[in-house]
Every structure is written in structure tokens, then in C-alpha cells.
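Worksheet: the structure to be examined is printed underneath.
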Amino acid sequence: MHQTRSTEPRMLLVTHRSERAVVLALHGEVDMDSVEPLRLALDREARRGWSPVVIDLSAVDFADTAMINALLRVRPLLGERLRLAAPSALVTRLLGVLSLDDAFTVRDSREAAVAA
């Protein structure tokens, strides 16, 4: 049996900047092998300034503790600037299992998270 490894990225991160916020939209699978772009983007935004940093989690198909660790690591640096938007059912369940339901500002939509 011959197996081929997909060259497609498992996680795509798209950054949207506006006058009101920076939105990091995640798509796909966020795990130990794919989390580095998120870590780098969070570090960059923590150093950059005052804008809210909204993590749009609506299109996350899979996530593990690597994503949660990246968010927890930057939370002291960003404080109230860090907001989670529209977490998928999987992410909501992961936060609940880890008893982190109240650890982040979470809103039902990207718009609500920007306005929070």
C-alpha cells in the first residue's frame, strides 16, 4: 500500500485588520503540528499595540490543547484585548472539558467580539 502525505495545510490563518480590531480567523485543524502560525501571530499582536485581537474560531474543525495553550500563553500579555469569536461546537466542548469556559471573553459572532 502506498501512502501519500497531503501538502495542503491543515490549518489556515487569515488576518483581517481594521481600525477597530485585528481578527485572526482560523480554518481547519489546529493542533501541535499546525499551531505555530497562530502562536507567531498572537506574539506579534501582543507586541504591536492596543487593538483588540479577535480569534474567529467558527471554522475550526479540530483543535487540541496546543491551540488552548497558545491562547493561555498570550492571555496575560493581551488581557481584555483577547477575544474569542463564534467558537465551533468542538472548541466550545474543548473549553468546557478543560474548565476554561470563563477564562476568555467569548462572543457569538465576530462582530460582537470586535464590539465587546
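Annotations for the structure displayed:
- If you go through region 28-41 and keep only what is among the charged types (D, E, K, R) and not in a helix (DSSP H, G or I), you end up with GLU29, ASP31, ASP33.
- Just one of (1) at positive phi; (2) under 13 Å from the mean Cα position of the chain (by Cα) fails for GLY79. It is (2).
- Number of positions in region 18-27 that are modelled with pLDDT of 95 or more and either outside any loop (DSSP other than H, G, I, E, B) or among the acidic types (Asp, Glu) (or both): 6
- Where ALA59 falls short, out of the listed (1) over 25 Å from ARG10 (Cβ atoms); (2) touching a His at 6+ places or on another chain (Cβ under 8 Å): (1)
- Search result, residues across region 13-36 that are within 18 Å of SER109 (Cβ to Cβ) and open to solvent by 100 Å² or more (accessible area, probe 1.4 Å): ARG20
- Options ARG39, ARG5, ARG10; residue that is among the basic types (Lys, Arg) and either modelled with pLDDT of 95 or more or open to solvent by less than 10 Å² (accessible area, probe 1.4 Å) (or both): ARG39
- Odd one out for ARG93 among (1) open to solvent by 70 Å² or more (accessible area, probe 1.4 Å); (2) touching a Ser or Thr at 6+ places or on another chain (Cβ under 9 Å): (2)
- Scanning region 42-63 for residues being assigned to a loop (DSSP other than H, G, I, E, B) and either among the aliphatic types (A, V, I, L, M) or surrounded by 15 or more Cβ atoms within 10 Å (Cβ to Cβ) (or both) gives a total of 2.
- Residue identified as touching a strand residue (DSSP E or B) at 6+ places or on another chain (Cβ under 6 Å), among the aliphatic types (A, V, I, L, M), within 22 Å of ASP108 (Cβ to Cβ) and touching a residue at least 40 places away in the same chain (Cβ under 8 Å) among ALA63, ALA85: ALA85
- Pairs linking a residue in region 105-116 that is hydrophobic (A, V, I, L, M, F, W, C) to a residue that is open to solvent by less than 70 Å² (accessible area, probe 1.4 Å), with Cβ atoms under 6 Å and 6 or more positions apart or on different chains, are VAL106/LEU84; ALA113/VAL54; ALA113/ARG83; ALA113/ALA85; VAL114/ALA21; VAL114/VAL54; ALA116/ARG83; ALA116/THR105.
The values are calculated or read from the model by the stated rules, or taken from the named source; none is laboratory data. Not measured: the values here are computed from a predicted model. In this analysis, Cβ positions are derived from the backbone assuming ideal geometry, glycine residues included, and neighbour counts consider all displayed protein chains. Calculation scope for accessible area: heavy atoms of the full protein, side chains included, ligands and nucleic acids excluded. Shrake-Rupley method; radii C 1.70, N 1.55, O 1.52, S 1.80 Å.
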